[in-house]
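Worksheet for the structure shown next.
The values are calculated or read from the model by the stated rules, or taken from the named source; none is laboratory data. Remember, predicted model here, so these are calculated numbers, not experimental data. Cβ atoms come from the backbone with ideal geometry, glycine included; neighbour counts cover every protein chain shown.
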Amino acid sequence: MIRTLSRVAVVQIVKLITNSMHVILWLVACSLLTLPSIAFSKNATLMLTAHILHIDQNSRSGVIHVINDGDRTGVFELRWIDHIMSESGKLQTWNDPAQSPWSLQPYARFSPRRITLKPSESQVVRVVLKPKSRTAPLGEYFSHLRILTINSNLEETLKEQQNKVSKNVDSGITINAKIGMSIPVIWRNSDDKQKATIEFKRIDVASNDDNKSEPVKDEMLLKVTRHGLISTRGYIHVFIKKNGNREQIIGPHPFNIYANIESLELRLKMPEQYPSNGEFLVLYSDAKDNTDNIISSVTITY
């Protein structure tokens, strides 16, 4: 009798657990159905086909492709903005292009200035040098072309307009400029090539603090000096040289020196383990994935 009652109890418990799991799975499924409207809102998405634009000396122009990679119609506005590089390597906004000897704005124009793109549509933006650029002093001129998302869902905006009109409500559109993207546009009015020298300063040995969650790494301190009229733009690669071979331990690390400053100091995090003595090879290359076209290099014995 006792054995029979135990089996019945077990069967009832199994049924109860099974029914409970069905309820839980049903609740989870219902909650997932509501996610797309919250987590995956549909909007226009700005995308550019390049991260930098160099104006060609022969054609005296360059193009950028602006793409709406989202699933709603978007409205985008383009405008110039000037930056200079501080001695710490950070970009600072320069509000008066007339007072900047490096600003491209006096010498170039672009069109169009406002774009409406449906999903997957693209627009060519052309930057052209002005006639007055022919008398510009030798040097490098640069500005950033900023593309702002003015409206990320034009369909919804028009729908709201129609609803307001049908209800006799003021239908004036309020457009709020949102954060977008910016791309450096550079005109090198010079035959200079990228040139720089690298000076090894020291390796700062880290003093680990037991209160910190992660160990602090040693740092290599370099000073890179630019030469000539143009900026240097590329990547730092650090190798350990041993037995006639080299092993990359740092990089590619993006590193630029704008034409408005001469030199920058650079701190690079060392790997957790590296030989206590030997040779480092530091390369400053204009390419991320190869080190064939070298701007500068230095071998460090330590």
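Could you tell me which of the residues 113, 60, 109 is in contact with a Leu (Cβ under 7 Å, 6 or more places away or on another chain) and at negative phi?
Details: 60 fails: at negative phi; 109 fails: in contact with a Leu (Cβ under 7 Å, 6 or more places away or on another chain).
Matching residue, one of 113, 60, 109: 113.
So, in the range 282-302, how many residues would count as being among the aliphatic types (A, V, I, L, M) and surrounded by 18 or more Cβ atoms within 10 Å (Cβ to Cβ)?
3
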Item to complete: Please tell me if residue 223 is farther than 30 Å from residue 142 by Cβ, basic (Lys, Arg) and not assigned by TED's automatic domain parsing to the domain that holds residue 141.
Response: no
Response to the item:
Reported set for the range 107-145 where residues are surrounded by 15 or more Cβ atoms within 10 Å (Cβ to Cβ), out of contact with any His (no Cβ under 9 Å at 6 or more places or on another chain) and under 27 Å from residue 256 (Cβ atoms) is 107, 108, 110, 127, 128, 129, 133, 136, 139, 140, 141, 145
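For residue 263, indicate whether it is among the small types (Gly, Ala, Ser), over 25 Å from the mean Cα position of the chain (by Cα), surrounded by fewer than 18 Cβ atoms within 10 Å (Cβ to Cβ) and under 12 Å from residue 198 (Cα atoms).
On the way: among the small types (Gly, Ala, Ser): yes; over 25 Å from the mean Cα position of the chain (by Cα): no; surrounded by fewer than 18 Cβ atoms within 10 Å (Cβ to Cβ): yes; under 12 Å from residue 198 (Cα atoms): yes.
Answer is no for this residue.
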Worksheet item: In this structure, is residue 81 assigned by TED's automatic domain parsing to the domain that holds residue 137 and either modelled with pLDDT of 90 or more or farther than 30 Å from residue 137 by Cα (or both)?
Response: yes
Practice prompt. Search the range 230-249 for residues being at pLDDT 95 or above and part of a loop (DSSP other than H, G, I, E, B), and hand back the single one that is nearest to the chain's Cα centre (by Cα).
Written response: 231
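Tell me the residue from 115, 52 that is more than 21 Å from the chain's Cα centre (by Cα) and touching a residue at least 12 places away in the same chain (Cβ under 8 Å), please. Write out each step before concluding.
Details: 52 fails: more than 21 Å from the chain's Cα centre (by Cα).
Going through 115, 52 in turn, just one is more than 21 Å from the chain's Cα centre (by Cα) and touching a residue at least 12 places away in the same chain (Cβ under 8 Å): 115.
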Practice prompt. Determine if the range 271-280 includes at least one residue that is among the aromatic types (Phe, Trp, Tyr), in contact (Cβ under 8 Å) with a residue 60 or more places away in the chain and part of a loop (DSSP other than H, G, I, E, B).
Written response: no
Item to complete: Quick one: which strands (runs of 3 or more DSSP E) lie wholly within the range 75-117 and hold at least 1 residues that are among the small types (Gly, Ala, Ser)?
Response: 108-111
Fill in: Enumeration of residues in the range 54-68 that are surrounded by fewer than 15 Cβ atoms within 10 Å (Cβ to Cβ) and part of a loop (DSSP other than H, G, I, E, B)
56, 57, 58, 59
Response to the item:
Within the range 204-229, residues being at pLDDT below 90 and buried (at least 16 other Cβ atoms within 10 Å of the Cβ) number 0
Discussion item. Given the condition in contact with a strand residue (DSSP E or B) (Cβ under 6 Å, 6 or more places away or on another chain) and closer than 22 Å to residue 83 by Cβ, answer yes or no: does some residue in the range 238-251 qualify?
Written reply: no
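Answer with yes or no whether residue 44 is under 20 Å from the mean Cα position of the chain (by Cα), within 30 Å of residue 257 (Cβ to Cβ) and in a loop (DSSP other than H, G, I, E, B).
Working: under 20 Å from the mean Cα position of the chain (by Cα): yes; within 30 Å of residue 257 (Cβ to Cβ): no; in a loop (DSSP other than H, G, I, E, B): yes.
When the stated conditions are applied, residue 44 does not pass them.
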